[in-house]
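The values are calculated or read from the model by the stated rules, or taken from the named source; none is laboratory data. Only a predicted model underlies this, so the values are computations on that prediction, with no experimental measurement involved. Reconstructed Cβ throughout: ideal geometry from the backbone, glycine too, with neighbour counts over all protein chains shown. Accessible surface is based on the protein model in full, side chains and every heavy atom, while ligands, DNA and RNA are left aside. Shrake-Rupley method; radii C 1.70, N 1.55, O 1.52, S 1.80 Å.
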Amino acid sequence: MSFIVDYYNYWIVVFLMMAGFYIVISANNLVKKIVGLNIFQTSVFMMYISIGKVQGGSAPIVADGITSYSNPLPHVLILTAIVVGVATTAVGLALVVRIKRAYGTVEENEFEDKDALI
Amino acid sequence: MFEQHFPVLPIILPLIAAPLCMLLGRSQLAWLLATIVSGISFCMAAALLVMTLDQGVLSYALGGWEAPWGIEMRLDVANALVLSVVTGISTLVLVYAKASVAKEIPVNQHTLFYTAHLMCLAGLSGILTTGDAFNLFVFLEISSLATYTLVSLASDRRALTAAFRYLVMGTIGATFILIGVGMMYMKTGTLNMLDLAALIGEYDYNRTLNTGLAFILIGVCIKLALFPLHMWLPPAYTHAPSAVSAFLASTATKVAVYVMIRFIFTIYGAEYVFYRMGMDVILLVLAIVAIFNCSYVATVQSNVKTMLAYSSVAQIGYMILGISLVTAAGLMAGLLHIFNHALMKGALFMAVGAVFYRTGSVDIKAFRGLGKTMPWTMAAFTIAGLSIIGVPLTAGFVSKWYLVTAALEQQHWVIAFLVLIGSLLAVVYIGRILEAAYFKEAVEPVSEKTIKEAPLMMLVPMWILVLANIYFGIDTSLSVTAADAAANWLFEPGAQSAAQAVSQTSAQAASEMGAAR
C-alpha cells in the first residue's frame, strides 16, 4: 500500500501518459488528437518537476534561514519543453485549420474516404 | 580570427537568417540570403571536418560556462562528417529549390519556405554539434517543427494530412526521448553527454537507466523511421514539395541515425546496450525486415516518389544493420552509408522533382520516353539509381562493400548474403523506372506539348551530387578515412572521455579580443 501512496506523483504521471497516448491513438477527431498529445506531454512535465523536488526543500530563492532548496534545473528544462509543446500545438492546430478548409472536415475517417494517403 | 567560434556558427547563422528571410518578404531576396547563409555554414562545416581530423575533438563552451555545468558544443569526426553532409546538401537543395519552389508553392508562401528551411537547417546543425542531451531534444523539436511546416507547404491537399500524421508521430517520438533523458537525469543528475557516460558506468543494471534507454531508443527509432515505426515517412515524402523531399530524405533521417549512434556509443556505451540489453539482435532483425519488406513494397509502387520513400526506409535498414553488427567495421559501414545515401537519395529526388517540373506528374507513366526528351535528368537518375543498387564505381558500392566485409568479418554469412539479395530488389525497382524512361514510348504524342530538359538551375545541383556519387565511388580516401576515424573513435570505450578536448571557450575569445583592443 505504501508503495502506491509514496509514489503517488509517479502514478499520476503514468496515468496521464497512458490516457494521453490512448486519446492520440483512438481519437477520430484531429483536435482531440492534439488534446491527447498535450496530455501526453504534460505528464512528462510533471515527471520532471517531481524529479526536482527535494523533501523539505524550499523554492530555489536566496533567503535567510533556508538551507535546503529544490533543484531548479528540471523546472528550467521543463519551461523549455513547455514552449516546445506550445509550438507543436500551434503547428498542429494550424494544420487542422487548413485540413478543415481543404476537406471540409476534421474527422479522420471522413477525409480518408476522400483521399487515400498513399 | 573567428576560427574558435566555428563550432557554434552553423547553428547561429541560419537561426539569425531565418527571421531576416521573413522580413525581406521578397522571394528572390529570401532565396539569395538562404543560399548564401547555407553556403557559409557548409564552408565552416568543411573547415571543422578538417580541424577535427587534424586535432581531434573541438569543445566550445557556450556563453563561457564550462562543461559540465554550462552547455557544451562538442565536435568530433563523426558529427563533423554528418554536419558537412547536411549543410552541403542544404546548399545544393536551395540552389535547386528556386525553380522548383516557383512551380510548386504559391508565391505568397515562398519566404515561408526559405524561413522554414533555414530553421530546419539550424535545428539539424544543433543536433549534430551539441554535447548536451537536453539540448539535443530541443534542437530535434526545432528541426521537426520546421519539417512539418515544409511538408505541408505543397499545393496537394494530401500534404496536409501527411504533415499532420508526421506531426503526431514525430511529437510522440520526441516526447519519448524527453522521458528517456529525464530518467537519465533522475539517476545521474547531469545532462552533459560525457558526464552521463562516466556516471552511467557506475550505475550498472539500474532499472531507471534501462527504462530510459528503452524510451530513447523507441523515440529515436520513430524519428529515423526504423521498420515498424516508419509509417509516417512514405506519405510525408510523397506529398511534400520536391525540394523538401530531396532535403529531408538526405538529411533528416540521417541525423536521427546519428542521434541513435550518439546515445548508444557515447552515452550508454556499446557494451551496455548490445551485450547487456541485447539490443543488437532486435536491431539486426528489424533492419533485415526493413530491407526486405520495404524494398519489396517499393517494387510495386506506381508513384515514383513513394517508391523512393520506401527505398529510403530500406536504406535506413542498411545503416542500422551496420550499427547492430557491434564492430568498429560495422559502425564505420553504417556511417559511410549515411554519407553515401545522402548523396544518392538527394540526386534521385532532385531528378524526380525535375520530371515533375516538366511533366507535372511523378507517376511511373510520366517517365515513359523521358530518356529522349530529358536526357540529362534521366542520366542523373540512372547513375544515382545504380549507386542505390550498389554498382561498382559508385558511392553505393563502397558502402555495401564495407557492410558485407564487416558482416563476413563476424562470420555472418547469412547477413552478407541477405544484403546482396536486398540489392537485387533495388535492381527491380530502379529498373522499372529506367525501362519506362528508355524503352517505352511516351503515352501521348510529344509533338503537342514538347517536354524540354529541366532548367540549368535544377540540373547543376543534381549533377554535382551525381558527380560526387562517382567521385566517392572511385576515390574513397576522404569518406572512408573520416568514417573510419569516427567509428574507431566512437567504438573505443573510454577514448571519448579520456581525450583532452581543444578548449575553445567564448570567454577565452572575449579576453583575446579585449587584449587586442
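Worth pointing out:
- Compared with the dominant principal axis of the Cα atoms in chain B, helix B:375-389 is inclined by about 50°.
- Along its first, second and third principal axes, ordered by size, the range B:231-380 spans 56, 24, 23 Å in Cα coordinates.
- Each 5 Å bin from zero holds the following percent of Cα-Cα pairs in the range B:299-397: 3, 13, 21, 22, 17, 11, 7, 4, 2, 0.
- Shielding of peptide A:51-62 by partners, expressed as the average count of other chain Cβ atoms within 10 Å per residue Cβ, is 1.
- Aspartates and glutamates with Cα under 13 Å of B:Lys223, excluding same-chain neighbours fewer than 8 positions away: B:Glu141
- Residue by residue along B:155-163, Cβ atoms of other protein chains within 10 Å of the local Cβ number 6 on average.
- Equivalent-ellipsoid semi-axes for chain B (Cα gyration tensor, √(5λ), whole Å, largest first): 36, 27, 20.
- Protein accessible surface hidden between A and B, which excludes ligands and nucleic acids, total in Å², probe 1.4 Å: 3300
- Counted charge near B:Leu233, where neighbours are those whose Cβ lies closer than 11 Å (Asp, Glu -1; Lys, Arg +1): +2
- Rounded to the nearest 500, the 222 nm mean residue ellipticity of the protein assembly as shown from helices alone is -25000 deg cm²/dmol, with -39,500 (n - 2.57) taken per DSSP H run of at least 4 residues.
- Counting only other chain Cβ atoms within 10 Å of each residue's Cβ, the peptide A:78-88 averages 4.
- Separation of alpha-carbon centers, the range B:188-236 and the range A:1-80, rounded to whole Å: 20
- Largest to smallest principal axis extent of the C-alpha atoms in the range B:86-183, angstrom: 47, 30, 18
- With all pairs of different C-alpha atoms in the average, the Kirkwood value for the hydrodynamic radius of the range A:1-100 is 15.5 Å.
- Using every pair of distinct Cα positions in the range B:1-50, the Kirkwood expression returns a hydrodynamic radius of 11.4 angstrom.
- For A:Lys114, a cut-off of 16 angstrom between C-alpha atoms picks up these aspartates and glutamates, skipping any fewer than 8 places away in its own chain: B:Asp156.
- Counting only lysines at least 8 places from B:Lys305 when in the same chain, those with an alpha carbon closer than 16 Å to its own are B:Lys345, B:Lys365.
- Considering only alpha-carbon pairs that sit under 8 angstrom and 6 or more positions apart, the relative contact order computed for chain B is 18 percent.
- The base-10 log of I(q)/I(0) for the protein assembly as shown, evaluated at q = 0.06, 0.12 Å⁻¹, reads -0.31, -1.30 [Debye formula, identical scatterers on Cα atoms, solvent excluded].
- Seen from B:Ile264, the other residues with C-beta closer than 13 Å to its C-beta sum to a net charge of 0, counting Lys and Arg as +1 and Asp and Glu as -1.
- With every protein chain in place, chain B: carbon and sulfur % of accessible area (1.4 Å): 66
- Shown here are the Rg and Dmax of the Cα trace of the range B:286-343, at 12.1, 39 Å.
- Between the range B:1-42 and the range B:64-90, the alpha-carbon centres lie 17 Å apart.
- Summed side-chain charge close to B:Leu224 - residues other than B:Leu224 whose Cβ falls under 15 Å, Lys, Arg +1, Asp, Glu -1: +4
- Take each peptide in B:406-414, B:241-249, B:456-464, count the other Cβ atoms within 10 Å of every residue, and average; sorted highest first, the result is B:241-249, B:456-464, B:406-414.
- Folded to 0 to 90 degrees: helix B:395-409 orientation relative to chain B principal axis, Cα: 50
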